[in-house]
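The values are calculated or read from the model by the stated rules, or taken from the named source; none is laboratory data. Bear in mind that the values here come from a model prediction, so they are computed numbers and not experimental data. Virtual Cβ from ideal backbone geometry, glycine too; neighbours counted across all protein chains shown. Only protein heavy atoms, including side chains, enter the accessible area calculation; ligands, DNA and RNA are left aside. Shrake-Rupley method; radii C 1.70, N 1.55, O 1.52, S 1.80 Å.
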Amino acid sequence: MKFFCVPQALCLKGEVALLGDKSIAHRCIIVSAIAKGKTVIENFPANQDCLFTISAFKKLGIKIRQAPRKGDAASVITVFGKGLYGLEKPPQPIFVGDSGTTLRLLSGVLAAQSFEVTLKAASSLSRRPMLRVTGPLRMMGAAISARCLKGSAGHEEYPPLTISGGALRPITYQMPVASAQVKSAILLAGLYADGATEVIEPIATRDHTERILKLFKAEIQVKKNTIVIRGGRQLLSPGKIYLPADISSASFFIVAATILPNSRVCIKKASLNPSRTGIIRVLKRMGADIKVTRSPGRQVARYEPMGDIIVKSSKLKGALIKKHEIPSLIDELPVLMVAACFAKGKTRLKGIGELRVKETDRIKSMSENLRKMGADIEVIGGRGAQDMVIRGVEALKGARVKSFGDHRTAMSMVVAGLGAKGKTAIDDISCVNKSFPGFGHILSKLIVR
Ligand code: S3P
């Protein structure tokens, strides 16, 4: 196996333009495909996950054109939407790789189609729980079969899913887990239901689906944690959509620039959606020097706030991260754990149990790896309600660590390696292509050694 070697870095300096946000990109493809008219999506991230969403809709009979932009991996994608009822039965099962967002959101759309489709997943996604999405979609009237397993935590369902959709009824659904993917699947199904579907979140999660549906003129209302969508109305394409830079990808540079002395990094046109910027709020509370300037006036991304993020190195102190903040930084928790190792004092992350069911168990992957580098980490509490306590150490030391096949573990460990004394070797970082194919290249241009 070829290890990826990360020597300690002096500092990071420079400006980065990142590809579009992965979460927003999936939703743009899905909603454009079931809307009427042509939609041009700019700064589209051609990462593995998003390409699975494109390929799924091509198999469902939607014409999608992809034109690479000269000089980088961003694409301009044109989706020729056929309206709510324009999808066609695919000749074969649809393979969605390890893309959980593709699988869960697509399930919502397929729940309303008049044909049967099987969704197959690769190995890591095949181990992730699906009952949270199949449950409410069945309540709306879809027939769904899945691979069922009885475990210590009770009955659970896993891919492959076979969905036989049809006429849906509206439901009022109080979500037991805070999950934007589940919320989005129900809202997408709600577009087809005969009446008003109501989703109530225990804690507000990312609201990209709501924003995009509004942009496409869906009848959707949001009041605090309740979202109401009325079905039966055709969606209309706004024509052109620009995707702001992915804040989750940006977070690796934000943390690296914070912990490495004398750094200054500017991330251009980043997504500043408040339901995603928990990482900025928490790092600032920890003492980070982060300045955000929202793009003024006529925004290119009318439906999502965006702007520049300027990060300078600073001394961090420990902080308490409460449960209600977790959805706003769920994907940034691994890299936040790295930041906490470099902070003075204790950082407590409360209610992070959902990390157990991501691409890998990120509580295990990160605590195992960081402990090898000398971190002081304690995991407290039972399944679903777990806390992590990290006490800052004088310095992390380079070690041999593992990505566990997980993109965010891999990139977080690269950041840890940049700040650690000596060399860090990561077993396999090819998994970063799931969300961020250009990661190594962009990072190498910023690093000063
Ligand atoms: C996502 C929601 C989150 C996040 C995932 C992307 C989305 O998952 O972890 O990377 O695009 O809706 P959950 O909905 O499972 O929390």
Take the residues of region 231-248 that are charged (D, E, K, R) and farther than 14 Å from ASN273 by Cβ: which is most open to solvent (accessible area, probe 1.4 Å)?
-> LYS240
If you check GLU368 against the conditions, is it surrounded by fewer than 18 Cβ atoms within 10 Å (Cβ to Cβ), acidic (Asp, Glu) and not in a strand (DSSP E or B)?
-> yes
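Let me confirm something: among GLU354, GLU304, which residue is in a loop (DSSP other than H, G, I, E, B) and within 16 Å of the ligand (Cβ to nearest atom)? Even if it seems obvious, please write down each step before you answer.
Details: GLU354 fails: in a loop (DSSP other than H, G, I, E, B).
The match here is GLU304.
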Based on what the data block shows, is GLY297 modelled with pLDDT of 95 or more, assigned to a loop (DSSP other than H, G, I, E, B) and more than 27 Å from SER184 (Cβ to Cβ)?
-> no
Answer residue from region 197-207, given it is over 17 Å from the mean Cα position of the chain (by Cα) and assigned to a loop (DSSP other than H, G, I, E, B) and is surrounded by the fewest Cβ atoms within 10 Å (Cβ to Cβ) among those | PRO202
Just checking, how many residues over region 267-277 are buried (at least 21 other Cβ atoms within 10 Å of the Cβ) and either outside any loop (DSSP other than H, G, I, E, B) or acidic (Asp, Glu) (or both)?
-> 4
Among the residues of region 208-228, which ones are open to solvent by less than 40 Å² (accessible area, probe 1.4 Å), within 16 Å of the ligand (Cβ to nearest atom) and in contact (Cβ under 8 Å) with a residue 40 or more places away in the chain?
-> HIS208, THR209, ILE212, LEU213, ILE227
Filtering strands (runs of 3 or more DSSP E) wholly in region 372-448 for at least 3 residues that are open to solvent by 10 Å² or more (accessible area, probe 1.4 Å) gives 376-380
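Conditions tested, residue by residue: (1) touching an Asp or Glu at 6+ places or on another chain (Cβ under 8 Å); (2) within 26 Å of GLY20 (Cα to Cα); (3) outside the structural domain of ALA256 (by TED's automatic domain parsing).
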site: ARG391; (1), (2), (3): yes, no, no
site: GLY405; (1), (2), (3): yes, yes, no
site: LYS421; (1), (2), (3): no, no, no
site: PRO437; (1), (2), (3): no, yes, no
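Condition check: touching a strand residue (DSSP E or B) at 6+ places or on another chain (Cβ under 7 Å) and within 13 Å of the ligand (Cβ to nearest atom). Does ILE363 satisfy that? Before you say what the answer is, go through the steps one by one.
Values: touching a strand residue (DSSP E or B) at 6+ places or on another chain (Cβ under 7 Å): yes; within 13 Å of the ligand (Cβ to nearest atom): no.
So ILE363 does not fit the description; no.
Kindly establish whether PHE3 is in contact with a Lys or Arg (Cβ under 8 Å, 6 or more places away or on another chain), among the aromatic types (Phe, Trp, Tyr) and in contact (Cβ under 8 Å) with a residue 60 or more places away in the chain. Steps first, answer last, please.
Values: in contact with a Lys or Arg (Cβ under 8 Å, 6 or more places away or on another chain): yes; among the aromatic types (Phe, Trp, Tyr): yes; in contact (Cβ under 8 Å) with a residue 60 or more places away in the chain: yes.
Criteria met by PHE3.
Output the strands (runs of 3 or more DSSP E) that fall wholly within region 78-196 and possess 3 or more residues being within 16 Å of the ligand (Cβ to nearest atom), or say none. Break it down stepwise before answering.
On the way: elements: 116-120, 143-151, 154-164, 172-174.
In region 78-196, the matching strands (runs of 3 or more DSSP E) lie at 154-164.
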When GLU325 is evaluated against the numbered criteria (1) buried (at least 21 other Cβ atoms within 10 Å of the Cβ); (2) in a helix (DSSP H, G or I), which criterion, by number, is the only one it fails?
-> (1)
Checked region 118-170 for anything under 24 Å from GLY86 (Cα atoms), touching a Leu at 6+ places or on another chain (Cβ under 9 Å) and open to solvent by 70 Å² or more (accessible area, probe 1.4 Å); matches are LYS120
Which fully enclosed strands (runs of 3 or more DSSP E) of region 1-77 have 1 or more residues being open to solvent by 30 Å² or more (accessible area, probe 1.4 Å) and within 26 Å of GLY232 (Cβ to Cβ)?
-> 35-45, 63-68
